[in-house]
Amino acid sequence: MTPDPTDDVTKPPTGFGRLWTAQTVSSLGDGVTHAALPLIALTTTRDPMALAVVTAAGTLPWLLFGVLGGALVDRWDRRRTMWVTDTARAVLLAVLAAAAALDMLSVPLLSAAAFLLALGGLFFDTAATAYLPDLLGRDPALLERANSRLRGAQTAASGLAGPPAGSALLALGRAVPLLADAVSFAFSALLVRSLPVVPRPTAGARESLLRQARAGAAHVFHDRLLLGLALRPAVGNVAFLAVETVLALFAHERLGIETSGFGLLLAAEAAGGLLGAGIASRLGRLLGTGTALTCTATVEGLAILGLAAAPNPYAAGLALAVCGSGMGATMVLGPSLRQVIVPAHLIGRVASTSRMLAMCAAPFGAFLGGWLATTYDLRTPLYAAAGLLLAMTAVTATMTSNRRVETALRNAASNSGPGHPEPEDPLRESAPEPQHPTEATAH
């Protein structure tokens, strides 16, 4: 975004530290469960289709309720949504841990738990995305710095520390990692409960939920910049899932990497993600957010191309680390920009629409990777993914250019200034609606 001479002295408010701590602890618990839950499922069944049902259950909430969930978050108090959701997930995991201790686990129970945990994640993540801009006063520099810290902590906790901890705790008993995650959610709920209350936008509150959901989706598809920001993760998920589907087999058969080495390969990608999140703000100031996003997407595509051609495990690890750095920077710059330019009363719906597009694209990537590997060769899905990422970069480069970004930032600053009400929802009925006293100050 535009360089700000006050970047080095402006600091986030005190409440951000509590939010960061809450999300870091919760991410650590997520990493524990992410590693432990599939292994727990293996103790109940060896049927691949039954295991697939447990995995698929965790993706259904975003596919079924993504946009509607965003509309609900835009109606509800976002801080309350976060701590209530975390409390509910803590109780759910405690119940699941009790079932594990009593040897009452089953595939239906694990599938239901995976679904409800993911549903809770939908509401928490959307509410957190919408709450953060209000907490930070929609300041672009603060948002980039805050998202960089949040993304870095999430990667370190859920990608590096959580999975090994989950495997170690599982050795103590099936209930132990589940209880650990329950404690992390309870701690997060307490911290979030102590966060400051921010004004809640109420634009369009009397409309039907479906109409509000349509308004959020329309806002994404009618704005070329927002559409470009949404297409990147959607197309990226097709490419990355195509790679992920065959990565373990590729590493074993083409690179000679055993099970322990594969974990190190994934750790290299997570380490790259930490680096990318850390340099994202500096990259945005140096190149401009639009150009920076184009560069990071290009880096991702070239890195996957390098992975496809990797002659040994070291080259593959380097390629994944470079790819992770591009992903880490992208996942700081894109959401930070969206949080600044989207009106407060729409941000939950816009964020959930973008996330839903990405989640819907993932199964296509998994199918594409499996089909290409079966029909051609294990390297073919990687080459196809690299081509897809580079093609997507070329298509979206003009949609997310510096010129469009600067125009959107100017418009957002103008609309959030004194005396400027927020823009109307694209599908709102023409009848005038009295403005809530806090609407004009919700930015």
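The values are calculated or read from the model by the stated rules, or taken from the named source; none is laboratory data. Just so you know, these numbers come straight off a predicted model, no measurement behind them. Quick reminder, even Gly has a Cβ in these numbers, built from the backbone with ideal geometry, and neighbours come from all protein chains shown. Ligands, DNA and RNA are stripped out before the accessible areas are found, and what is left, the full protein with its side chains, is counted by its heavy atoms. Shrake-Rupley method; radii C 1.70, N 1.55, O 1.52, S 1.80 Å.
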Options PRO381, ALA358, GLY370, ranked by Cα towards positive dipole end of region 334-423, top entry (Cβ charges): ALA358
Accessible carbon and sulfur surface of region 82-123 relative to its total accessible area, %, 1.4 Å: 82
Positive-end residue, the chain charge dipole about Cα centroid, Cβ charges, pick of SER281, ALA344, ALA413: ALA413
Accessible area (Å², 1.4 Å probe, nearest 10) - ILE341: 30
Estimated dipole of region 187-302 in Debye, rounded to 20 [Cβ of Lys and Arg +1, of Asp and Glu -1, Cα centre]: 720
Cα-based shape type of region 173-293, given that a ≥ b ≥ c are square roots of the gyration tensor eigenvalues and the cut on a/c is 1.5: oblate
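For MET327, MET104, MET392, write out the residues from largest to smallest accessible area, computed with a 1.4 angstrom probe and no ligands counted.
Values: MET327 45, MET104 120, MET392 15 Å².
These residues rank, largest area first, as MET104, MET327, MET392.
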Cα centre as origin, Lys/Arg/Asp/Glu Cβ charges: region 101-205 dipole, Debye: 160
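Accessible area, 1.4 Å probe, largest first: how do ARG138, ARG18 sort? Present the calculation step by step, with values, prior to reporting the outcome.
On the way: ARG138 25, ARG18 75 Å².
Of ARG138, ARG18, the descending order of accessible area is ARG18, ARG138.
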Accessible area (Å², 1.4 Å probe, nearest 10) - TYR383: 110
Prolate/oblate/rounded label for region 37-94 (Cα gyration tensor, a/c 1.5): oblate
Whole-angstrom gap from region 21-44 to region 252-326, using each part's C-alpha centre: 24
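Rounded to a whole number, what % of the accessible area of region 137-269 do carbon and sulfur atoms account for, probe 1.4 Å? Present the calculation step by step, with values, prior to reporting the outcome.
On the way: 3680 of 5750 Å².
Ligands and nucleic acids excluded, carbon and sulfur give 64 percent.
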Heavy-atom surface of the chain, accessible at 1.4 Å and reported per residue (Å²): 43
Residue among ALA57, THR400, LEU102 farthest towards the positive dipole end of the chain, charges placed on Cβ: THR400
HIS219, HIS345, HIS34, ranked by accessible area, largest first (probe 1.4 Å): HIS34, HIS219, HIS345
Cα shape, the chain, gyration tensor, a/c 1.5 rule: oblate
From phi via Karplus (6.51, -1.76, 1.60), per-residue ³J(HN,Hα) for region 83-89 in Hz, x at Gly/Pro: 6, 5, 4, 5, 4, 4, 5
Check: the chain dipole with +1 on Lys, Arg Cβ and -1 on Asp, Glu Cβ, in debye: 380
Highest average packing first - 153-163, 278-288, 120-130, Cβ atoms within 10 Å: 120-130, 153-163, 278-288
